[in-house]
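Let me begin by presenting the structure, written as structure tokens, before commenting on it.
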Amino acid sequence: MKAYNQHSFYLPSGDEHLACTALVPTCVKGAVIMLLPFSEERKGTLPLLLELARDLNSNSIASLIFDWRGTGDSSGELTSVDPEDFTSDFSTALAWLQNTLPQIPITAVGVRLSAALLPELAQKHPEIDRVVMLSPCSGSEFTRQLLQRRMVNDMVAYGKARESRAALLKQLQSGNSVDLDGYTFTANMYSWVNTIRLEAPASENSDSIPRLSQALIIPGGHSRKTIEAATSIISSAKISDLRFPPFWNTVGHIDLSDLIRTTADWINRGFTTSSIRTAQPRTNPATTRTELISITNLDSTIRAVIKKPDREPKGGILFLPGWSGDRTGPHRMFTQLASKLVDAGYLTLRPDFRGRGLSDGKHAKASIASMAEDAATALASLKLRVPEGSPLYVVAICSGCKVAITLTADHPQIAKLLLFSAESMGHLRSSKTDSNKTQKALYIYLKKMTQLDTWKKILTGRVQTRMVTKALIKHESRSEYEAKSEDEILKRFGAYRNPMRFVFGGSDPDAPGSMRSYKSYCNKHSIPHSLHLIPHAGHSYYSSEWTADAFETSINFLVKNL
């Protein structure tokens, strides 16, 4: 395993703190500041930027990745953030990079909406003269796609869209908030987003003319109008014809090695100065209650977030994300729930598994077994941070529930298990699971086929047919060995005698089978348990209403003992 000089820390920005990750090699010839996109697009983009940063690190190029306030692991909530503060977040992160690596040339990389922000940000910061724009999209396009996803989620959950796109837009334009992609978008946020657009200035003497000397734009087959606008204001931009799927909106691992290689090569060619030896970067490792930590497991490092109450903890709570997720959980669900549990007096630990999030390792090498090893390492670290004898709880989602059960089979002292959208293990998995997933996926695509925009994409070759086929017929599969291993784990887990709560969404195709299987299993083995069904909710609870229900049952179970 190759070691990277990777640092996690917080930076004060206004009244909030930005969660930052820096990769700084011993000798540096250039630096890159990387801007994550907004809302749930962050989750699918973080692995790309981290792999890009590691590639650049091997060529003596430093990188800084940060979460905007109210997103990811940064503090604050999107509903209370003033969008204008995002500009100061960028300035804060850039200032740290300049102070850490003085006199080093800096390139900025943006993805989707953050890519469209780059010309404006570079105009305010002349020290940046090169940018990379990965599939940039305008604010209006971003909003349209969020509304589209809201329509699809409603169709799956309720059989129809409860509100039209026009009705949702009217609410935003009237000053109200709307639930989009699991996030609550305020009218203020909507207004700001729709000011982000790439267009030529009104006159040649306009102050808004970008002063960028070089730019790389990689559309990937997306956002054609935005690309045309970008090239009209950055005449010297290099346009790559490389195509790739919409990784920011796709579940599971996607091979983006060509995109990483193309981007890294262009960035590397621009840094022609000789390497400068640098000192270890000075970082602020913690805020008052939150700390970004590193935990060693074998020859790798697990990156995690600890959040502490302002008094002696009543106990510790370990969060385990799903197969392709990270420690923030879907639409930042784990970040928010952890804060509520800390307010109730518990210390929380949210790790990234190896090959996920910001931890070491490759995605393809991860397995339920390796995730269980990481969970055991994190549990040991958690135990050391709470008073001796205090209870330890585990919260998990999706495939993380398999990890939680595996962990608990070996650590029956875990006092409570809270499992969201638990996947059935071993013989508990119904033979109908795959067919149910296919039916749901087919339903979604048939609904999409009724939309004019879908046919436009088909006729212009912008539909990724391989991705559609995969969604329809290729599901997570297990080998015979894996199924037998899971049965062995279930045999050991049958001795568990502490309380469990299962939470499922009413429109999750796996929910009916998993609920029946786990209820029968727990009854057979006399495991105290309860099941909570959130009507209409999907597998990842992409609605503020569903999330509020999930949080309420979580607090009742973990804190109030109801």
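Karplus-based coupling profile of the stretch 46-56, in residue order and whole Hz: 3, x, 4, 5, 5, 5, 5, 4, 5, 5, 5, with θ = phi - 60° in 6.51 cos²θ - 1.76 cosθ + 1.60 and x standing for Gly or Pro. Using a cut-off of under 16 Å, list every residue of the stretch 364-384 whose amide N is near the label point 7 Å from the Cα of residue 492 along the Cα-to-beta-carbon line. Under 16 Å, as judged by backbone N against the label point of residue 492, lie 368-380 of the stretch 364-384.
Summing charges over all other residues whose Cβ lies under 12 Å from the Cβ of residue 490, with Lys and Arg as +1 and Asp and Glu as -1, gives +3. Listed values for the stretch 512-517 are Karplus-derived 3J(HN,Hα) couplings in whole Hz (6.51 cos²θ - 1.76 cosθ + 1.60, θ = phi - 60°), namely x, x, 5, 4, 4, 5, and x replaces Gly and Pro.
Legend: calculated FRET efficiency, residue 561 to residue 77, from the Cβ-Cβ distance at R0 = 22 Å, rounded to 0.05, equals 0.20. At full extension, residue 225 and residue 152 could sit 23.9 nm farther apart than now, given 0.36 nm per residue minus the alpha carbon distance.
Across the alpha-carbon set of the stretch 109-195, the Rg to Rh ratio works out to 1.09, Rh being the Kirkwood radius. Simple rule: put +1 on each Lys or Arg Cβ and -1 on each Asp or Glu Cβ in the chain, find the dipole, and look at 75, 48, 531; the Cα lying farthest toward the positive end is 531. The rule of thumb for compact globular proteins, 2.2 N^0.38 Å, goes into the C-alpha radius of gyration of the stretch 143-189 1.07 times. Using the Cβ atoms and a cut-off under 13 Å, what net charge is assigned to the surroundings of residue 401, where Lys and Arg are +1 and Asp and Glu are -1? Its environment carries a net charge of -1. Exposure proxy shown here: for 491, 307, the number of other Cβ atoms within 10 Å sets the order, fewest to most, as 491, 307. If you look at the Cα atoms of the stretch 319-438, you get an Rg and a Dmax of 14.6, 48 Å.
Couplings 3J(HN,Hα) for the stretch 120-133, derived from phi with the Karplus relation 6.51 cos²θ - 1.76 cosθ + 1.60 (θ = phi - 60°), are 5, 5, 5, 5, 7, 10, x, 5, 9, 10, 9, 9, 10, 10 Hz, where x marks Gly and Pro.
Length gained on full extension, residue 272 to residue 84: 64.2 nm, using 0.36 nm per residue less the C-alpha separation.
Taking label points 7 Å from Cα along the Cα-to-Cβ direction, residue 336 and residue 525 give a separation of 3.2 nm.
When only the Cβ of Lys, Arg, Asp and Glu is charged (+1, +1, -1, -1), the dipole of the chain relative to its Cα centre reaches about 1340 debye. Relative to the dominant Cα principal axis of the chain, helix 368-384 is inclined by about 90°. Each of 345, 333, 369 was scored by the projection of its Cα onto the charge dipole of the stretch 327-370, and the greatest displacement toward the positive side belongs to 369; charges sit on the C-beta of Lys, Arg, Asp and Glu.
Between the listed residues 110, 490, 9, the Cα displaced farthest toward the positive end of the dipole of the chain, a dipole computed from Cβ unit charges relative to the Cα centre, is found at 490.
Summarising the label geometry, the points placed 7 Å from Cα in the beta-carbon direction at residue 385 and residue 184 lie 2.8 nm from one another. Given +1 at the Cβ of Lys and Arg, -1 at the Cβ of Asp and Glu and no other charges, the dipole of the stretch 143-189 around its Cα centre is 160 debye to the nearest 20.
Summarised in one figure, the compactness ratio Rg/Rh of the chain, Cα atoms and Kirkwood Rh, is 0.96.
Please determine, in degrees from 0 to 90 and to the nearest 10, the orientation of helix 139-158 with respect to the longest principal axis defined by the Cα atoms of the chain, where the helix direction is its Cα long axis. With rounding to tens, the tilt is 20 degrees. Multiplying each eigenvalue of the alpha-carbon gyration tensor of the stretch 1-108 by 5 and taking the square root yields semi-axes of 24, 16, 11 Å, largest first, rounded to whole angstroms. Fewest neighbouring Cβ atoms within 10 Å first, the residues 271, 319 line up as 271, 319. Estimated at 0.36 nm per residue, the fully extended path between residue 140 and residue 362 surpasses their Cα-Cα distance by 76.4 nm.
Between residue 253 and residue 369, the simple label model (points 7 Å from Cα in the Cβ direction) yields a spacing of 1.5 nm. Computing FRET efficiency as 1/(1 + (r/R0)^6) for residue 312 and residue 410, where r is the C-beta to C-beta distance and R0 is 25 Å, gives about 0.35. Once you reduce the stretch 359-393 and the stretch 39-117 to the center of their Cα atoms, the two points are 27 Å from each other.
Each reported figure results from applying straightforward, stated rules to the coordinates on display, with no laboratory input. Remember, predicted model here, so these are calculated numbers, not experimental data. Because the Cβ atoms are built from the backbone with ideal geometry, glycine has one as well, and the counts that use them run over all protein chains shown.
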